[in-house]
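Colleague: Dropping a structure here in structure tokens format, bear with me for questions.
The values are calculated or read from the model by the stated rules, or taken from the named source; none is laboratory data. Quick caveat, the model's predicted, so the values are computed rather than measured. Positions of Cβ are generated from backbone atoms using ideal geometry, with glycine treated the same way; all protein chains shown enter the neighbour counts. These accessible areas exclude ligands, DNA and RNA; they are computed on the full protein's heavy atoms, side chains included. Shrake-Rupley method; radii C 1.70, N 1.55, O 1.52, S 1.80 Å.
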Amino acid sequence: MAPKSRKQKSSGGQRKSKRTKTKQMLPDSEEREPINMESMGHPEIYPLVLTTQTQELFKCRIDEDVTDEQPYKLIKKEDIFADFRNRAAVSDFYPVKKVIQEYPGDELLVVYDKDFKYGHNFYLIGTEEGKENYLNAPELPEEQEEYKEYIPEDIYVYKPPISKPWVSLGSEKEIEEESVKESTKQITYMISRKRSEFGAPIKFSDQNASSVKDAYIECTAYPDHHFTLKQLEKDVGMQVIPKVKDISTQTRWTYPKNATTQYYPRELSEEEKETFEQSKPLSDFLNNTSINVEIALQQNEIMNTFIDDWKCLAEEESTFGDKTDTHLKEYQSFTDLHSLTEKMVTSVSWHPTVYGLIAVSVAVRLSFEERVHFSGKLLLQPSLILFWSFSDPIHPQLMLESPDDIFCFKFCPSDPNIIAGGCINGQIVMWDISAHADRIENIKTGGSRSKKVTLKPMFLLEPDSNKEATYIRHCAVSSIESGHKKVITDIHWLPDTFEINRLGAVFENRNGICCQLVTCSADCTVCFWDIRPQKSLTPQPIEKKKEEHIEIPLDVPSTFLHLDLSWKPLTKLRLSKGETSLDHCPTKISLSEDDLLYNTQDKILTQ
């Protein structure tokens, strides 16, 4: 084996996936002849495939025991025979068993073939001479080694072209056909004048060509029968297009003219009638057409001739069941008999503590232009939040009045008797229904015979036809100058676990009572509100406070009197435009449901 010195890079992996063929179990009597690299000039080299298990067994692991600096391993002959006794034909050295048995030495040289030069990841040197040549290879000088690396394998040698005789393949005929040849006779013209006229001055002047004889000559084109042109090739392109024809017409207009006509019915005499009725053409016509007329009349009675078959085809049932299987069934509907105008439902919410009681806010179905036009009439119509009970779907239990249409409202998690709503004009309205809590939490005992008392919620009681709906006025309205400028799209109570100050910082709510609101509007702002009275920075005199005293109506609770018409947001956020030039309009606010659970009953019991 020729000596070699290789500079190898770190191997990226063991490249065991190159081996795709599986070993076949053969008995000793049918051992194949070991394959060597005699065809490549190295008969002493036998390629091998060593698996990871074999590498660990003989301590020749790639990149650990066998590296680029020392790509070989000496393995004792006795260790290989022990592997034959343990694994027999499964051993990776089994294909070269004959070579190992005939090897005269005690240690065999196994070399790591990183570049798969001989087809596998290792190869075995089967002779002592090859082993010595590989281990004791003469080292070349560094200059000679570097020069050897830069010597190209294939050097290009220039070979001058050799002239060869011309072999005709018929191209000269095509060249001769394409060449231009003169086919007409050349005409020679000779123009002469007198010698005395050479160098004489010339004067140009204008004259009428028609007034002078032979002064105007017209050269018109004419076909020359003596000249012929043979056309050899012609390129023609065609495009099929529909025929386009422009036609116009004009109705002939005549002057208007009044015309009248008179007609009178044609009357037959009795003799003519008898003659016409007994005529054969009339009887034949009636016999031929009577059958078709009767069939047409029957068809008109049986089916509608003007029905649209395609629409009827779409209405057929496409499912196996009927409509009740695929559609939701209406359970209950509520109707307000006092409301004459049609209104739309803007928000719906269940009462947090009283089961079967539902609150609905309604608004007039008008556009912005229509609201401006009918603003005077809308002020006369009350904007309401209706409380309905399942026991009485016709008469609402409570009616909460507001200054304008409510588009969203929420019950306070800490006290369900306090309700906050957002108007279409951007104001926030507060209600306190504590005085009517007994009305909505009314319970009724069972029969007198039973000793046990059964409590029933309101929606299970019998309806009371004489009971009238109760109107409840709002307690407070926010300032229209400092609040939202457009419709409030959503409103939420902040949980009783945290609060927000004027700077937007979040801190713990130690009182455990919900006292702050968050609203979003179509004016691209989000506002935070506090229902508690704010401390004034400058103290006001007592006389001024007495002057500002306002009389409270009897039917309005004084819970939020300090907020009425002076309520301002605690802090206001405006959504940024971002990368686009369009404003972002918030439509919904989502808070964690775990923090919004109503624990009102538990708090009442603890108190």
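Colleague: If you average the C-alpha positions of the stretch 246-279 and of the stretch 514-534 separately, how far apart do those two centres end up, in angstrom?
Modeller: Here the answer is 84 Å between Cα centres.
Colleague: Okay, next question. Between VAL372 and PHE390, with labels modelled 7 Å along Cα→Cβ, what's the label distance in nm to one decimal, could you check?
Modeller: 4.6 nm
Colleague: So for each of 423-431, 86-94 I average, over its residues, the number of other beta carbons within 10 Å; can you give me the resulting order with the highest mean first?
Modeller: Put in order of decreasing packing, that is 423-431, 86-94.
Colleague: Right, another one. GLN231 versus VAL212, label points 7 Å from Cα toward the beta carbon: distance in nm?
Modeller: Result for the modelled spin labels: 4.3 nm.
Colleague: If you restrict to DSSP beta bridges whose two residues both lie in the stretch 38-136, what percentage is antiparallel, to the nearest 5?
Modeller: If I count the DSSP bridges inside the stretch 38-136, around 95 percent turn out antiparallel.
Colleague: For a quick protection proxy, order the peptides 329-335, 233-239, 388-394 by their average other-Cβ count within 10 Å, most packed first.
Modeller: Listed from highest to lowest mean packing, they are 388-394, 329-335, 233-239.
Colleague: Still on this structure: Here is the link list: LYS76/LYS117; LYS410/LYS485; LYS245/LYS311. Which ones come out longer than 32 Å on Cα distance?
Modeller: Table pairs above 32 Å Cα-Cα are LYS245/LYS311.
Colleague: Is there a quick way to get the dipole size of the stretch 38-136? I mean about its Cα centre, with the Cβ of Lys and Arg at +1 and of Asp and Glu at -1; what is the value in debye to the nearest 20?
Modeller: Dipole size: approximately 400 debye.
Colleague: Report the gain in length on full extension from GLU69 to GLU132: 0.36 nm times residue separation, minus Cα-Cα distance, nm rounded to one decimal.
Modeller: Taking GLU69 through GLU132 to full extension adds about 20.9 nm, to one decimal.
Colleague: Quick one: order VAL49, VAL110, VAL212, VAL157 from most to least accessible surface, probe 1.4 Å.
Modeller: Descending accessible area places them as VAL157, VAL212, VAL49, VAL110.
Colleague: What is the distance in Å between the Cα centroid of the stretch 291-312 and that of the stretch 107-129?
Modeller: Each part reduced to its Cα centre gives a spacing of 97 Å.
Colleague: Looking at this model, which pairs from LYS77/LYS114; LYS343/LYS572; LYS77/LYS131; LYS377/LYS588 are more than 21 angstrom apart at the alpha-carbon?
Modeller: Flagged as over cut-off: LYS77/LYS114; LYS343/LYS572; LYS377/LYS588.
Colleague: Continuing with the same structure: If R0 is 25 Å, what FRET efficiency do you get for ALA505 and ASN425 from their C-beta distance, rounded to 0.05?
Modeller: Result of the calculation: an efficiency of 0.25.
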